[in-house]
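Colleague: The structure under discussion is supplied below as structure tokens; questions concerning it will follow.
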Amino acid sequence: MTKSAASLSGFCLLILSYAIVLNPVSALEKCDFPAIFNLGDSNSDTGTLAAAFNWTPPPNGETFFNMPAGRYADGRLIIDFIASSFGLPFLSAYVNSLGANFKHGANFACAAATIALPQTVIPVGNYSPFYLDAQYWQFMQFKQRSQIIKKTGGIFKDLVPDEEYFGKALYTFDIGQNDLGQGFFSNMSTEEVKASIPDVVNRFSNNVKNVYKLGARSFWIHNTGPIGCLPYILSSFPISPDEMDSAGCARPYNEVAQYFNYKLKEAIVKLRKELPLAAITYVDIYSAKYSLFTEPEKYGFELPLVACCGFGGRYNFDDSYARLACGSTITVNGKKIFVGSCKDPSVRVNWDGVHYTEAANKVVFDKISTGAFSDPPIPLRMACHKELD
């Protein structure tokens, strides 16, 4: 190749790079996901824990669904906005047998789920029996049995995915917060919780590999959020003023979350080498969520550290009354009080002390879907595995 030809080739590559950055949809083909399969915890649970144990009570669901919808929020979750962005229906929870439609995917996420085997499980403990391994087992069974139903026919054949959907689907993960929380509430120090993280992340990687072996190729993986900004942490542990950051969050607990994210990103780099046919996008949900606490006014929020639906104390959260008081009736000084929502959830970040409001979820979705918080820095609509011609 001559010098002039090489220069022209380099110039064309540069122009193409700018075209991709400035107008990615026109430069590269947009993804067409026919289905979404989600694994995770309450940040993306659309009805698993509620169907398995007790349905979410009012005022959960009041903003969008006008009734409880199995979600621990006043309305939609980030996974709901992800599905809608591709023109897909909201994901039905795999264990929810009533009114479920799995044609365009299924949700295996469960509130209170951990990555590692939980120490105690509901109803005698605080954590879900549907930890990440169990969610993988459910997905494996779903894939096998759904295709038997598809081939057998009958009234359910149109409620399960086509076989080719599994290879073309988007696989989303949002889990890890409860592994940290379980450690904190088991009287482990922040350093002890940190020491447990490499094993937890290794278990996460094994599940990604297992899902890959079943044909998954496009992965959208959220890291964990700023746990030290949540009322259930702020109200439960003694935090000195010098341990608070400028937003009022508990720095030591956020540092544990950041270490988890560091190890997770490190693991994903390794997974990309081990799973060469996969497109794995790491999403920095931590930074997107943390901005709601550092710049609440920018997004129209107020009192970001205070639960909208809760009771008691500086953060409107006191777990001496109930693990999640929102929607329950508690007794205070001999008087029964129903714990309802604040006047306007649309200007609040935190819903019930642990989870985010629909308004906050929408802001976070808008931020992460652009690719500005992704590695590689590509928007959600392009985060798919492309078959080579």
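The values are calculated or read from the model by the stated rules, or taken from the named source; none is laboratory data. Remember, it's a predicted structure, so these values are computed and weren't measured experimentally. Here the Cβ is made from the backbone with ideal geometry for all residues, glycine too, and neighbour counts use every protein chain on show. Remember, those area values only see protein heavy atoms, side chains included, never the ligands or the DNA or RNA. Shrake-Rupley method; radii C 1.70, N 1.55, O 1.52, S 1.80 Å.
Colleague: Taking the Cα centre of the range 200-285 as origin and charging only Cβ (+1 Lys, Arg; -1 Asp, Glu), how large is the dipole, in debye to the nearest 20? It would help to have the intermediate numbers written out before the result.
Modeller: Details: 10 positive and 7 negative charges, 151 e Å.
So the magnitude is around 720 debye.
Colleague: Averaging over all projection directions, find the projected area of the Cα convex hull of the chain and quote it in nm² with one decimal place. Present the calculation step by step, with values, prior to reporting the outcome.
Modeller: On the way: hull surface 90.0 nm².
Projected over every direction and averaged, the Cα hull of the chain covers 22.5 nm².
Colleague: Another question about this same structure. Among DSSP beta bridges lying fully in the chain, give the percent that are antiparallel, nearest 5. Before the final figure, lay out each step's value.
Modeller: Working: 8 of 27 bridges.
Taking every DSSP beta bridge with both residues in the chain, the antiparallel ones total about 30 percent.
Colleague: Now for a different question. With the crude spin-label approximation of a point 7 Å out along Cα→Cβ, what separation in nm comes out for ILE337 versus ALA100?
Modeller: 3.8 nm
Colleague: Now for a separate question. Quick one: net charge around SER44, please, counting Lys, Arg +1 and Asp, Glu -1 for every other residue with C-beta under 14 Å from its C-beta. Let's see the in-between values first.
Modeller: Values: positive: ARG71, ARG76, LYS289; negative: ASP41, ASP45, ASP80, ASP174, GLU358.
So the surrounding residues net to -2.
Colleague: Cut-off 18 Å, label point 7 angstrom out along Cα-to-Cβ of GLN144: give me the residues of the range 107-138 whose amide nitrogen falls inside.
Modeller: From the range 107-138, the list is 133-138.
Colleague: Further question: Which of the chymotrypsin sites (Phe, Trp or Tyr not before Pro) found in the range 152-246 are in a DSSP loop and have at most 13 neighbouring Cβ atoms, other than their own, within 10 Å? Each step should come with its number before you reach the end.
Modeller: Values: sites: PHE156, TYR165, PHE166, TYR171, PHE173, PHE184, PHE185, PHE204, TYR212, PHE219, TRP220, TYR232; in loops: PHE156, PHE185.
Passing both the DSSP loop test and the Cβ count: PHE156.
Colleague: Follow-up. Based on Cα positions only, what radius of gyration and what Dmax would you give for the range 159-299, in angstroms?
Modeller: That works out to 17.3, 56 Å for Rg and Dmax.
Colleague: Calculate the all-directions average of the projected area of the range 195-268's alpha-carbon convex hull, and give it in nm². Write down the numbers at each step before the final one.
Modeller: Working: hull surface 24.3 nm².
Computing the convex hull of the Cα atoms and averaging its projections yields 6.1 nm².
Colleague: Here's a follow-up. Work through the residues other than SER374 whose Cβ is under 12 Å from its Cβ and net out their charges, Lys, Arg +1 and Asp, Glu -1. Intermediate values should be presented prior to the final figure.
Modeller: Numbers: positive: LYS265, LYS367, ARG381; negative: ASP284, ASP375.
Net charge in that neighbourhood comes out at +1.
Colleague: Shifting gears a bit: Leaving out ligands and nucleic acids, and using a 1.4 Å probe, what accessible area per residue does the chain come to in Å²? Before the final figure, lay out each step's value.
Modeller: Numbers: 17510 Å² over 389 residues.
With all protein chains present, the chain gives 45 Å² per residue.
Colleague: Could you give the angle, 0 to 90 degrees to the nearest 10, between helix 3-22's Cα long axis and the longest principal axis of the Cα atoms of the chain?
Modeller: Computed tilt is about 30 degrees.
Colleague: Explain nothing, just the number: dipole magnitude of the range 112-177 about its Cα centre with +1 on each Lys and Arg Cβ and -1 on each Asp and Glu Cβ, in debye rounded to the nearest 20.
Modeller: On the way: 6 positive and 6 negative charges, 45 e Å.
About 220 debye.
Colleague: Now for a different question. Within the accessible area of the range 288-389, what % is carbon and sulfur when the probe is 1.4 Å and the other protein chains stay in place?
Modeller: Details: 2560 of 4860 Å².
That fraction is 53 percent.
Colleague: Considering only protein heavy atoms, what is the solvent-accessible area of SER189 at a probe of 1.4 Å, reported in Å² to the nearest 10?
Modeller: Counting only protein heavy atoms, the figure is 50 Å².
Colleague: Magnitude of the Cβ-charge dipole of the range 253-389, K/R +1 and D/E -1, about the Cα centre, nearest 20 debye?
Modeller: Values: 17 positive and 16 negative charges, 45 e Å.
That gives the range 253-389 a dipole magnitude of about 220 debye.
Colleague: Near ILE149, within a Cβ-to-Cβ distance under 13 Å, what is the net charge of the other residues, with Lys and Arg +1 and Asp and Glu -1?
Modeller: Working: positive: LYS103, LYS143, ARG145, LYS150, LYS151, LYS157; negative: ASP158, ASP162, GLU163.
For residues surrounding ILE149, the net value is +3.
Colleague: Quick check: the angle from helix 190-213's long axis to the longest principal axis of the chain, C-alpha only, nearest 10 degrees?
Modeller: 40 degrees
Colleague: What number results when the radius of gyration of the range 261-361, computed over Cα atoms, is divided by 2.2 N^0.38 Å? Walk me through the numbers before you get to the answer.
Modeller: Numbers: Rg = 18.6 Å, N = 101, 2.2 N^0.38 = 12.7 Å.
Taking N as the residue count of the range 261-361, the ratio is 1.47.
Colleague: Long-range amide H contacts for GLY105: which residues qualify at under 5 Å (H placed 1.01 Å from N, peptide plane, sequence gap of 5 or more or a different chain)?
Modeller: ILE36
Colleague: Can you give me the distance in nm between label points at ASN66 and HIS385, each placed 7 Å from the Cα along the Cα-to-Cβ direction?
Modeller: 4.2 nm
Colleague: Ok, one more. How much length is gained if the chain between SER84 and SER186 is pulled fully straight, taking 0.36 nm per residue apart and subtracting their Cα-Cα distance, in nm to one decimal? Display every interim value, and only then the final one.
Modeller: On the way: separation 102, 0.36 × 102 = 36.72 nm, distance 3.81 nm.
Result for the pair: 32.9 nm of gain on full extension.
Colleague: Further question: Trypsin sites (Lys or Arg not before Pro), restricted to the range 288-389: which are DSSP loop and have at most 16 other Cβ atoms within 10 Å? Walk me through the intermediate numbers first.
Modeller: Values: sites: LYS289, LYS298, ARG314, ARG323, LYS335, LYS336, LYS343, ARG348, LYS362, LYS367, ARG381, LYS386; in loops: ARG314, ARG323, LYS343, ARG348, LYS386.
Of the trypsin sites (Lys or Arg not before Pro), the ones in loops of the range 288-389 whose Cβ has at most 16 other Cβ atoms within 10 Å are ARG314, ARG323, LYS343, LYS386.
Colleague: Pulled fully out, how much extra length does the chain show between VAL124 and ASN206, if you take 0.36 nm times their separation in residues and subtract their Cα-Cα distance? Kindly include the intermediate steps, with their values, before the conclusion.
Modeller: Values: separation 82, 0.36 × 82 = 29.52 nm, distance 2.83 nm.
Taking VAL124 through ASN206 to full extension adds about 26.7 nm, to one decimal.
Colleague: With angles folded into 0 to 90 degrees, how steeply does helix 285-294 sit against the dominant principal axis of the chain? Use alpha carbons for both and round to 10.
Modeller: On a 0 to 90 degree scale, this one is about 50.
Colleague: Quick one, can you get me the convex hull of the C-alpha atoms of the range 103-231 expressed as volume per residue in Å³? If you can, show how the numbers build up before the last one.
Modeller: On the way: hull volume 16.1 nm³, N = 129.
Spelled out: Cα convex hull of the range 103-231, divided by residues, is 125 Å³.
Colleague: Let me ask you something else. By how many nm would the segment from LYS151 to SER246 grow when fully extended, if each residue of separation counts as 0.36 nm and the alpha-carbon distance is taken off?
Modeller: Numbers: separation 95, 0.36 × 95 = 34.20 nm, distance 5.85 nm.
Value of the extension gain: 28.3 nm.
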